[in-house]
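What follows is a set of notes on a single structure, which appears directly below.
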Amino acid sequence: MDGYEARRAVEAVWRMESARIVGALARYTGDLPLAEDVAQEALAEALVGWSTSGVPDNPAGWLLSVGRRRAIDAFRRRSGRDERYATLARDLDESSPGVDVLFDPDAIDDDVLALVFTACHPLLPKESRVALTLRVVGGLTTDEIARALLVPVPTVQARITRAKKTLAAAHVPFAVPEPHERAERLGSVLNVIYLIFTEGSSATGGDAWIRTDLALEAVRLARVLAGLAPEPEAMGLLALLELTSARFPARLDASGQAVLLEDQDRRRWDRSAIRRGQAALEQAASAGRGLGPYGLQAAIAACHAVAPTVAETDWDRIVVLYEALGQVAPSPVVDLNKAVAVAMASGPASGLVIVDGIAAGGGLERSHLLPAVRAELLTRLGRRGEARDEYARAIELCGGAAERAVLRRKLDDLG
């Protein structure tokens, strides 16, 4: 196996198992920053070792074993400065739990949930909580996180470094917080899970249109969180993720090419996920306090889920829901999505007025979404030359190969 194949294998294992590996190591050491560091050391060793000896039969277990040894080495190095570390190194070395013990199925869900809550500790600024959790739970690279958050890569790196140093200095315990402590962390946790799902359902980097493993991990986390803290917004987030993931089976054709919403075979949508999403949305609404940002997005997704076709979708209701969402969680992305809904309900000229207003205000200037939507509306208005220019700009700004291919096809269709 050459270096390229080894890297692909390491990346694949890390995508699927990173949260469990870091979580198990954090439970083992009681130190999240150290767990993430030694996991990264294990990845570096795998890049070298697997290129010569091949991928082991249990690659996740191999990484976990190496990470465990690196943790013991780290405690030994620190033992000269603090007797506590000498004791920890000795205790860990003597216990020497096997991989099966560290990957205890009775503890693994708690490990991942504790990983999220620890990374979302109130000591950290919101931006650092999001970046750190996407790193240690989602297994995203700094490039992917930067694209997801629309910030420069050095900014993401600095946030993660500062977050790990803060957690280490404060000796933050690796554990799911007690019920009275959960409320203050819940909003940040919901935001992190949402961003992980967004990266999985619309990958910003690489060749994939959908990173199903990442998106479904976010759905699983949302289910666990909703069971642990069944607050209306937790249920709203779960509803949104279930209803959105229900479309996954129809989002790729037989050759793996992306299929847009208007072209999807809705018979392939996961009806079980739609029913779960509708049930969660009803539970969120039953609290009687009005839907929050995630609940409103879930209500929009529900409109799509029950519509037989794009033309038969209740676009007027979707416009109203986006207006409500813009009141409780204003952002240029919400305005852009509202513009699309307005264009469907009232015509492309009405939608273009909103899009041009976003552009004039400087919103989404680094995102491909604005020129992509503008190009679509210009095409529908027959302004093909302007549409070609907008598609070219969208392709230039787009980071995902699969999405670039979709934009390229649209540009080619304009001649």
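The values are calculated or read from the model by the stated rules, or taken from the named source; none is laboratory data. Just so it is clear, the model here is predicted, and its values are computed rather than measured. A quick note on method: Cβ atoms are made from the backbone with ideal geometry, for glycine too, and the neighbour counts reach across all protein chains shown.
Can you report the number of residues in region 157-209 which are modelled with pLDDT under 90 and either among the polar types (S, T, N, Q) or in contact with a Pro (Cβ under 6 Å, 6 or more places away or on another chain) (or both)?
8
Within the bounds of region 176-184, is there any residue that is basic (Lys, Arg), surrounded by fewer than 22 Cβ atoms within 10 Å (Cβ to Cβ) and either touching a helix residue (DSSP H, G or I) at 6+ places or on another chain (Cβ under 9 Å) or in the same structural domain as His368 (by TED's automatic domain parsing) (or both)?
yes
Filter region 385-407 down to the residues that are basic (Lys, Arg) and either modelled with pLDDT of 95 or more or closer than 19 Å to Met344 by Cα (or both), then identify the one that is nearest to the chain's Cα centre (by Cα).
Restricting to residues being basic (Lys, Arg) and either modelled with pLDDT of 95 or more or closer than 19 Å to Met344 by Cα (or both), the top hit is Arg393.
Restricting the search to region 2-49, which residues are farther than 21 Å from Arg211 by Cβ and among the hydroxyl-bearing types (Ser, Thr, Tyr)?
Scanning region 2-49 gives Tyr28, Thr29.
Considering (1) of a type outside the set (Lys, Arg); (2) outside any helix (DSSP H, G or I); (3) out of contact with any Asp or Glu (no Cβ under 7 Å at 6 or more places or on another chain), say which one Ile160 fails and leave the rest.
Here Ile160 clears every test but (2).
Looking at Arg77, Arg20, which is the one that is at negative phi and surrounded by 19 or more Cβ atoms within 10 Å (Cβ to Cβ)?
The conditions single out Arg20.
Yes or no: Glu390 acidic (Asp, Glu), more than 24 Å from Leu240 (Cα to Cα) and in contact with a Pro (Cβ under 6 Å, 6 or more places away or on another chain)?
yes
Please work out if Ser51 is among the small types (Gly, Ala, Ser), surrounded by 16 or more Cβ atoms within 10 Å (Cβ to Cβ), in the same structural domain as Arg27 (by TED's automatic domain parsing) and more than 18 Å from Ala24 (Cβ to Cβ).
Yes; evaluated as a whole, the condition is true for this residue.
Can you give me the number of residues within region 373-406 that are touching a helix residue (DSSP H, G or I) at 6+ places or on another chain (Cβ under 7 Å) and closer than 20 Å to Gly200 by Cβ?
Of the residues in region 373-406, 3 are touching a helix residue (DSSP H, G or I) at 6+ places or on another chain (Cβ under 7 Å) and closer than 20 Å to Gly200 by Cβ.
Taking only pairs six or more apart or across chains, which ones have beta-carbon atoms under 7 Å, a first residue in region 7-30 that is closer than 12 Å to Ala42 by Cα, and a second residue that is outside any helix (DSSP H, G or I) and modelled with pLDDT under 85?
From region 7-30, the pairs are Trp14/Gly139; Ser18/Gly139.
Condition check ((1) touching a residue at least 12 places away in the same chain (Cβ under 8 Å); (2) within 18 Å of His368 (Cβ to Cβ); (3) out of contact with any His (no Cβ under 6 Å at 6 or more places or on another chain); (4) aromatic (Phe, Trp, Tyr)) across all residues:
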| site | (1), (2), (3), (4) |
| --- | --- |
| Asp143 | yes, yes, yes, no |
| Lys164 | yes, no, yes, no |
| His171 | no, no, yes, no |
| Arg182 | yes, no, yes, no |
| Ser188 | yes, no, yes, no |
| Tyr194 | yes, no, yes, yes |
| Glu199 | yes, yes, yes, no |
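Could you tell me which numbered condition Arg251 fails, if it satisfies all but one of (1) of a type in the set (Lys, Arg); (2) modelled with pLDDT under 95; (3) under 30 Å from Ala287 (Cα atoms)?
With (1) of a type in the set (Lys, Arg); (2) modelled with pLDDT under 95; (3) under 30 Å from Ala287 (Cα atoms) applied to Arg251, the lone miss is (3).
So in region 390-413, with the set limited to residues that are touching a residue at least 40 places away in the same chain (Cβ under 8 Å) and in a helix (DSSP H, G or I), which one is nearest to Thr141 (Cα to Cα)?
Ala401
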